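Right, one structure below, let's go through it.
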There are 2 protein chains.
Amino acid sequence: MSIATKSKYSPGILSLLPIFYVTWSDSVLSPSEIKIIRKRIQDLDFLTFSDKRQLVKWLNPAQPPSPEEFKEWIQELKKHAPEFDENEKLGLSEMGLKIAQSSIGYRQDEVWKSPKTQQALQEIEEALGIRSEISKTLLETKLQPGKSTSEISNKGSFDTTKMQAILDGEHGELINRVKKLLRDPAFSYEILRDKADQRKRVSEQVQYLADQGASTYAFPEKYGGKGAVAKSIAVFEAVSYHDQSLLIKFGVQFGLFGGAIYGLGTERHFEKYLNDMMTFKLPGCFAMTETGHGSNVRDLETTATYNHSTGLITVHSPVYDAGKEYIGNAMDSRMAAVFAQLIVNGKNEGVHALMVPLRDRHHNLLPGVKVLDCGYKMGLNGVDNGRIWFDQVTIPKENLLNKYGDIDEDGNYISPIENPAKRFFTMLGALVAGRVSVGIAGNTGAKSALSIAVKYALKRRQFSANDNEKETLIMDYPSHQKRLIPRIAKTYALNFALHNLQALYAKQYGTGEMREVETLAAGLKSYATWHCTDTVQEAREACGGKGYLQENRLTDLKADTDIFTTFEGDNTVLLQLVAKSLMSEFRDNFNDGGYMAIIRFLADRFSTSLTELNPITIRNTNAEHLLDKDFHISAFNYRVNKLTITVGQRMRNYLKRRITPYQAYLRCQIHMQEMAEAYVEKVILDSFYATIERTDDEGCRAALTKLCQLFALNTIQDHKGWYLENDYMTGSKTKALRRVVNKLIQELRPEVLNLVTAFNIPDELLGAKIVES
Amino acid sequence: MSIATKSKYSPGILSLLPIFYVTWSDSVLSPSEIKIIRKRIQDLDFLTFSDKRQLVKWLNPAQPPSPEEFKEWIQELKKHAPEFDENEKLGLSEMGLKIAQSSIGYRQDEVWKSPKTQQALQEIEEALGIRSEISKTLLETKLQPGKSTSEISNKGSFDTTKMQAILDGEHGELINRVKKLLRDPAFSYEILRDKADQRKRVSEQVQYLADQGASTYAFPEKYGGKGAVAKSIAVFEAVSYHDQSLLIKFGVQFGLFGGAIYGLGTERHFEKYLNDMMTFKLPGCFAMTETGHGSNVRDLETTATYNHSTGLITVHSPVYDAGKEYIGNAMDSRMAAVFAQLIVNGKNEGVHALMVPLRDRHHNLLPGVKVLDCGYKMGLNGVDNGRIWFDQVTIPKENLLNKYGDIDEDGNYISPIENPAKRFFTMLGALVAGRVSVGIAGNTGAKSALSIAVKYALKRRQFSANDNEKETLIMDYPSHQKRLIPRIAKTYALNFALHNLQALYAKQYGTGEMREVETLAAGLKSYATWHCTDTVQEAREACGGKGYLQENRLTDLKADTDIFTTFEGDNTVLLQLVAKSLMSEFRDNFNDGGYMAIIRFLADRFSTSLTELNPITIRNTNAEHLLDKDFHISAFNYRVNKLTITVGQRMRNYLKRRITPYQAYLRCQIHMQEMAEAYVEKVILDSFYATIERTDDEGCRAALTKLCQLFALNTIQDHKGWYLENDYMTGSKTKALRRVVNKLIQELRPEVLNLVTAFNIPDELLGAKIVES
C-alpha cells in the first residue's frame, strides 16, 4: 500500500464513497437517510469544509448525482478493487477507509488510521441500516430484487418480476423508485385519530415528496420542472400505493392547483408561481366546487367583476351557497385558484379561474376571506378540506389565468376561443389529468385490498371435512375464490386500460384535441373507482373481523377511497358525459345545439339494422369457442352497438310524440348509463387483448390470457340477462359459460399468490398486520 | 277559594303534580329529565322530607308510577278542574301552586303565596323545556303526535302515522317510548375521535338504559325482569335507530352475556347473576370467538378441565390462537361467559359455557387472566373489544352453565341431551336472538340511510334543461330514483319478514324446537345485513360529498354497520347453514350422518320433475299479469325448487363418480348459496303479502301493494338471467317486466317522502345535519 492509487476525489470523500454508492444505488435517498447522513457528516472532523459541501450536494434528492457522476463513483471504486482480497469481508466503512488511505499513499495522516475515524464512519453505516460484512463483489454485482413471499403449493406458473414489469408499464422504474422512497420511516403508517395530528404528518410528507422533486414532472424545465407529464401520473400511481391522504393532498397541490396555473395561466403566472408551487413554498388550492354547485360547474355563483377604472377584479360570493366547498388544502393554502363567473363591462363571460391570495406570510386570513374547516370526514382526514367565502375581495387584473380568456388594455374581454361553450369545455380540460389519476388510484385501491385478502386467505383455515383432517384454507372454498379471483382479473384488465389512457393523455396533452381522452377518462374513472369501492368492501368481508381492525388497513382503504366515486366528477354524471359523447361525433356542434343535435345525429346514423345474428353461434357451447377472443370482442361490441341504437330509437320516438328533448333525455337516462358502461367495458377488453399481443414472456402471456378470458366471460355473465333477452345467446350457452368461468377460476387458484405478488406492494405500503411477512 | 278541595296528597306534592303528570305522560322519563328534577327538588324548602322521598320514588324509570297511581294523579288533577277559568292560560307551575293552595284552604301558609316558591317551580318547568302557557284542557286531551316533515308536491297518498304503526308492528308503543327516551340530550351525538372518550360516553348511556329498565325484558319477573322476550328485541330495534356502538354494547351485555346466563345456566346462576347483570352492576362479556376459530365454534381450543379431587375447573388457553378474540365489553367486564371444551375424566365432552371472573371489584385483572385491547376498528369504537387469554384459571364447578351439560356429585359428566351434536346445536341456539336482532338492526341501518338520502334528494337541485328553468331536483332524475326507490321497497319487505321472525322466535322460545327459527334467522340476518351495507353505500354516494362528512351520519352508519355482515355469524357461512337445513327435513339425522345423509335424502325426494311450464305464461307480457301476486309467488317458488333439485342432482352425480361427500359439497357451494338466497327471498315475499292481507287502511294498503310489487319484480329482474336460462320467461316478458318496474318506480316517486317519514326517525336519532328540519 505504499504506492498511492491516484484519485480525483479527496480522501475524505473517498472514505464515504462506498456508503454513498450503496445508499444511492437504488436511485432513492429517503428523507430519513438524508437526515442521518447530513447530521453525521457535520460532526466528522476529518472532512474538510469543501468535502462537506460536496457531500451535502450529493444529498439533494431533487438533484441527485447525475448518471455520469454515478459512473465515476463506480470507476473510482473499481479502481481500488485489486487492493482487496477476494475473500476479505469488509463493511462499507472499512472499505471507504482503505480506499482513502490508499489514495494518499505515503503521505498518510494519522487521522486515517485512528480508530475514532473508523468508528465515526461505522456509525453512519449502522444508522443507515446497511452495516453488514460484504465482500468486494459488491463492486461487481447488482443488487437482487427483494425476496417474494413464498407459500407452499402456491408457486404458480409465471415469473412475478416479469409480470410486475408488465403491470407497471413504461414508467415502472420511476414507480418503483417512488415506492422505495415511501418505505422510508418518514412515511410509515401511524394511527392518528385527531385530524390536526394527521394533517400535520401528511403536510410534512408532502414536503418530503416536494424536496425529492416528485412534484416537478408535469411542469417545464424552464421553471424547475421535468417536462414529462405522463411521468407525473406515474408518480401519482406510485403514491397511491400508500396513504390516500398523502396522495390527495399531493394531488391537490401539484395536480389541481399546479395544473390550474400551468393549464389555464400564461408566462406571467408560470414565472411568478410555478417554482414556489412545486417546492410547496406556496401551498395552494383548487377552488371550483361550491355548496350549491358541484357537478354543474357552469352555474357556479361566485363572481369576478372587472373594474376598468381601477384595473382590479372583485371576487365575491353573493350568497351562502356560493361558498367554495370541500376545498382540499384550504386550511394550509396561501393562494387559491378560484373559479368564478367573469364579468367584464357588465357582461358575464362564463366561468374563469383567478389567482386569489387567501392568507399572508404569517398565515393570517386576508381581508374579506372567510375559511371554515369541513371537519371530520369518513376518511382522508389528513387532508384539510375547508369552505371559503369571498366578500368583495379585490385582486389585480393580472391574476386572471388568461390562457383562454383575457381582458385587454382597453378593458374588453378577449378570447382565442370564440364559442363560449367550447371555451368552457376547454378550460374544464384541466380536470382530465385528475380523472386519469383518480382512476389509477382507484385501481390501486383494489390491488391493495386484494393483496391483503388473498394473503390472508392463504393463511386462514376454517372447518374441515372431519376431525382427522386439517381445516380447509379459506382460499380453497369456491365461494371465497369467486369473491376474489374475478376481481383480480378485473383489476388486471383495468390496469392496462388505465395505462393506455395515461399514454394517450400524454400524447394529446397540449394539442387542444382532447375529446377522446376526456370521454375515456370519464368512463374509466367511474368504472375503476366503483370497482375499488366494491373490491375493498368484498376484501373487508373476506377477512372477517380481522378486516374490521384498523391495524389491517382495509378500514382506512375503505374510508379513504370511498369518495373516489364522487370527487373529480360524480360517477353517475360522468357516465352521462360518456353517453353524450358517444352519441355525437360532433361534440362542438352538440354543445351548442343541445339535445336536438343528438337526435338529428342519431336519426341519420342508425337507420340500418345490425348484422343478422348467426343461429349457430348463439347456440355454440363449445369451450374453445367460449374462450375465444373473437367471441369476447364480438359480444362486447354487440352490446355497445345495440344499446346505442336502441337509445337512439327511443329518443326519436319520444320526440315524435312531442316530448321535450330534456324530458326525452331524462327518460333514457338509465339506458344511456348502461350504454356508457358497455362502452367502457369494450375499451378495457380491447386494451387487455392488445397487452397480451405484445407480451413475449410465455408464462406471463398464458396467465394474462386466462385473466382476460375470465374478465370477458365474467362480464358477459354479469349481463347474461341482457344477452338472453336480446337472443344473442341461448340458455344452454349461458349455462356452458358459467361452467367455463368456474373452470377458469379454478385454474387461476394456484396463481393467486403470484398474481398479487406481481402488484409488488411492500409491507410498509400495504400496512396490514395480518399479512406482514 | 276558601273551601279546601280535599286531597290524599300533601300540598308540596300537589304543587309538582302537573309537572310530573306531563313529564310522565309519554311513559318516558329520560336521564336528563330525572337529573334536572331530582336536583331541583332537593333545593325546594317548601317540600317536606317525606314529600321529597315520594317524589324521588316517582323518578325511578325502572319502577315508573303504576297505572293505578297515574290514574290517581289524573283524578286529582281533574278534581281541581272546576277551579280554573276555561280561558285562563296558566303554566304547569302556576297550576300546581293553585292546586296546592286550594287543598289547604283556609290553613294557607305564606309559603304557598311567596313569589320565591312560584319561581322555583317555574324554573323546573323551564329546565324541562315544558314551559308554555297551557289551558286546563291539558287535563282533558291527549298529546298529539309530533308534526311530520312536509314538502310541497310530496304529499303522497297515505297517512304516515298509520303506516308507521304498520311498520312498527305489535311492539310499536314500546319502540316509540324508547325512541322518545333516546331523544334526550344524554344520548345526543358527539363526534368523539378518541376511543377512550367514546367508550366512556357509551358506557354511561348503557347505564342510563339499564336505569330505565330497558335491559330487563328478556328475563323472568322473579329476578327483576319483565318476562317478555319479543319485547326485548323491540327495545333492541328502537335502540338500533340510534348510535350503533350503544346498540352493540347494550346487546353484548344484556343480550349475549345475559342471554348466556339465562339460556345456558340454571337457577343457581339466575339467583346469583341475573339482577346484577340487568342493572349493569356486573358488566360481562360473551367469550366465544377465538383468534383461530370464528365461524367454526365446534373446534374452539380453550379447555375447561374438571378435577374431581378439588371440585374445581381449570380454564386454559393452550396456544396463542386459542385466545378469545374481538370480545365486546372485554375491557369493562368483571365476568365472562367463556366457551371452552369441557374435559371431564379425561374425556372431551364438547363446547360448554362457564362463568369465569375476569377482574376484582377494583377492576384489577385476576391472576392468570390476560386482556388486550383490540384497538381501533372501522367503526363501533364506542365498544371496548378485547382479546382474552387464560393461564390455568380455576373456578368452582358451580360456574359451569349447566342447563345442557353438568358434572354430578361423583364427578361424572351428565346431560339431558345424549347426542353430542344435538347438544352442541342446542347450546348454539343461544345465538339465535342475536341473529334476529342484528337482522333487524341491519334493516334499521337501511332505513336511516334512506331517510337521509331521500330527504337530501328532495332539497338538492343540480342541472337544468336550460338557463331559464330552475335546476332539477335530484330526486327527479330516473337514475337517482332507481338508486333509492327499489331499496325502499326492499326495506319495507324486510321489515315485515323480520317482525314475523321475531314473533316466531318468541313463540318457539324455550320450546326446544327452534329449527325453523334458526334457519330463518340465519337467512334473514344475511340478507338484511347485506342489504344494509349496500344501501348505506348507495345513500352515501347519492348524497355526494355531503354524504362523506361525518356530521351527516352516513359515514358512521357505514363504519358501524359494516361488521354486521360478519359478526353473529359470517353471512356466507350462515347461507350455507340455511342451505343445509333446506336440504334436510331430518336435521338431527343430518348432523350425525354428515353429507351422505343429505344425499340419501335428496335422492329420495327429488325423483319427480317439476310441473311442466305453461307455454302461454312464459310469454305473457300483460302488465296485469306481471303485477299479479300469483305470478310473483310462483316465480319465487319456482326458483327455490329448481335450485334445490339441481343441487341435489349435482350432488348425486358427484357421488356416483366417487367424489368424496366433502368435495361434492365444496363443488356445490356457490349453487347452494344461491338456493339459500332464493329461499330467503321467497320468505320475505310471502310475509309481505301476508302483511298486505291484514292491512285495513286503504291508502296504506295501496302503497304497500306497489312496494311489494316493486320488490317482487325487481328481485325477479335481478335474476332475469337465471329465469331466461331456465325458460321460465321469454325475452319479451323480461323486457316488459323492466317497463313495469320503471313505471312502479315512477308511481312511487310522489310517495318517497311519506315512505321515509313512516320510518319515524326523529332528527336527534337520524343525526344528519343536511336534513335537519
Would you kindly identify the helices (runs of 4 or more DSSP H) lying entirely within the range B:649-757 that contain at least 1 residues that are more than 14 Å from every other protein chain (Cβ to nearest Cβ) and of a type in the set (V, I, T)? B:669-693, B:698-718, B:731-748, B:752-757
So B:R483, is it surrounded by fewer than 24 Cβ atoms within 10 Å (Cβ to Cβ), in contact with a strand residue (DSSP E or B) (Cβ under 8 Å, 6 or more places away or on another chain) and within 14 Å of chain A (Cβ to nearest Cβ): no
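Given the options B:L549, B:L574, name the one that is crowded, with 24+ Cβ neighbours inside 10 Å and aliphatic (A, V, I, L, M). It would help to see each step written out before you state the result.
Numbers: B:L549 fails: crowded, with 24+ Cβ neighbours inside 10 Å.
Sole residue among the options that is crowded, with 24+ Cβ neighbours inside 10 Å and aliphatic (A, V, I, L, M): B:L574.
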Residue check, B:G292 free of Cβ contacts under 8 Å to residues at least 60 places away in the same chain and in the same structural domain as B:V319 (by TED's automatic domain parsing): yes
Note on the range A:296-321: residues buried (at least 20 other Cβ atoms within 10 Å of the Cβ), away from chain B (no Cβ under 14 Å) and in a loop (DSSP other than H, G, I, E, B) are A:T302, A:S317
Name the residue that is modelled with the highest pLDDT, counting only residues in the range A:386-433 that are among the aliphatic types (A, V, I, L, M) and part of a loop (DSSP other than H, G, I, E, B). A:L401
For the range B:375-386, which residues satisfy the criterion of being out of contact with any Phe, Trp or Tyr (no Cβ under 6 Å at 6 or more places or on another chain) and surrounded by 21 or more Cβ atoms within 10 Å (Cβ to Cβ)? B:G379, B:L380, B:N381, B:G382, B:V383, B:D384, B:G386
Test: residue in the range A:250-267 that is surrounded by fewer than 20 Cβ atoms within 10 Å (Cβ to Cβ) and modelled with pLDDT of 95 or more: yes
Unmet requirement for A:K324, which otherwise passes all of (1) among the charged types (D, E, K, R); (2) within 14 Å of another protein chain (Cβ to nearest Cβ); (3) crowded, with 24+ Cβ neighbours inside 10 Å; (4) touching a helix residue (DSSP H, G or I) at 6+ places or on another chain (Cβ under 8 Å): (4)
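Right, B:I770: under 29 Å from B:V239 (Cβ atoms), surrounded by fewer than 23 Cβ atoms within 10 Å (Cβ to Cβ) and within 14 Å of another protein chain (Cβ to nearest Cβ) or not? Walk me through it before giving the result.
Working: under 29 Å from B:V239 (Cβ atoms): yes; surrounded by fewer than 23 Cβ atoms within 10 Å (Cβ to Cβ): yes; within 14 Å of another protein chain (Cβ to nearest Cβ): yes.
The answer is yes for B:I770.
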State whether the residues of the range B:734-751 include one that is out of contact with any helix residue (DSSP H, G or I) (no Cβ under 8 Å at 6 or more places or on another chain) and within 23 Å of B:L167 (Cα to Cα). yes
Being outside any loop (DSSP other than H, G, I, E, B) and either out of contact with any His (no Cβ under 7 Å at 6 or more places or on another chain) or modelled with pLDDT under 95 (or both) is true for just one of A:N329, A:N381, A:N348. Which residue is that? A:N348
Subset of the range A:535-545 (residues that are within 10 Å of another protein chain (Cβ to nearest Cβ) and buried (at least 24 other Cβ atoms within 10 Å of the Cβ)): A:R540, A:A542, A:C543
For residues that are in a helix (DSSP H, G or I) and among the acidic types (D, E), scanning just the range A:559-585, find the one that is nearest to A:G379 (Cα to Cα). A:D560
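Can you tell me which residue in the range B:609-631 is modelled with the highest pLDDT, limited to those that are assigned to a loop (DSSP other than H, G, I, E, B), within 42 Å of the chain's Cα centre (by Cα) and under 21 Å from B:N641 (Cα atoms)?
For the range B:609-631, the residue satisfying everything is B:D628.
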Test for B:Q508: is it within 9 Å of another protein chain (Cβ to nearest Cβ), over 16 Å from the mean Cα position of the chain (by Cα) and of a type outside the set (G, A, S): no
Quick one: count up the residues across the range B:32-86 that are over 21 Å from B:Q118 (Cα atoms), hydroxyl-bearing (S, T, Y) and assigned to a helix (DSSP H, G or I). 1
What tally of residues in the range B:273-292 results from selecting those that are touching a helix residue (DSSP H, G or I) at 6+ places or on another chain (Cβ under 7 Å) and either assigned to a helix (DSSP H, G or I) or buried (at least 22 other Cβ atoms within 10 Å of the Cβ) (or both)? 11
Are there any pairs with C-beta distances below 6 angstrom linking a residue in the range B:300-320 that is of a type in the set (S, T, N, Q) to a residue that is surrounded by fewer than 14 Cβ atoms within 10 Å (Cβ to Cβ), with the two at least 6 apart or on different chains, and if so which? B:T314/B:Q392
When B:I233 is run through (1) under 23 Å from B:K35 (Cβ atoms); (2) out of contact with any strand residue (DSSP E or B) (no Cβ under 9 Å at 6 or more places or on another chain), the failure sits at (1)
Is it true that some residue in the range A:519-534 is over 17 Å from the mean Cα position of the chain (by Cα) and more than 14 Å from chain B (Cβ to nearest Cβ)? yes
Could you please let me know if B:E693 is under 23 Å from B:E751 (Cβ atoms) and either without any contact (Cβ under 8 Å) to a residue 24 or more places away in the chain or more than 24 Å from the chain's Cα centre (by Cα) (or both)? yes
Verdict on B:R515 being surrounded by fewer than 24 Cβ atoms within 10 Å (Cβ to Cβ) and away from every other protein chain (no Cβ under 14 Å): yes
Going through A:K377, A:K370, A:K403 one at a time, which residue ends up being within 14 Å of another protein chain (Cβ to nearest Cβ) and among the charged types (D, E, K, R)? A:K377
For A:E471, work out the one condition from (1) under 22 Å from A:G544 (Cα atoms); (2) at pLDDT below 95; (3) in a helix (DSSP H, G or I) it doesn't fulfil. (3)
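Return yes when B:D360 is more than 14 Å from chain A (Cβ to nearest Cβ) and of a type in the set (D, E) and no when it is not. Walk me through it before giving the result.
Details: more than 14 Å from chain A (Cβ to nearest Cβ): yes; of a type in the set (D, E): yes.
Answer is yes for this residue.
The values are calculated or read from the model by the stated rules, or taken from the named source; none is laboratory data. Values in this document were obtained by computation on a predicted structure and should not be read as measured data. Cβ coordinates were reconstructed from backbone atoms using ideal geometry, including for glycine residues, and neighbour counts include every protein chain displayed.
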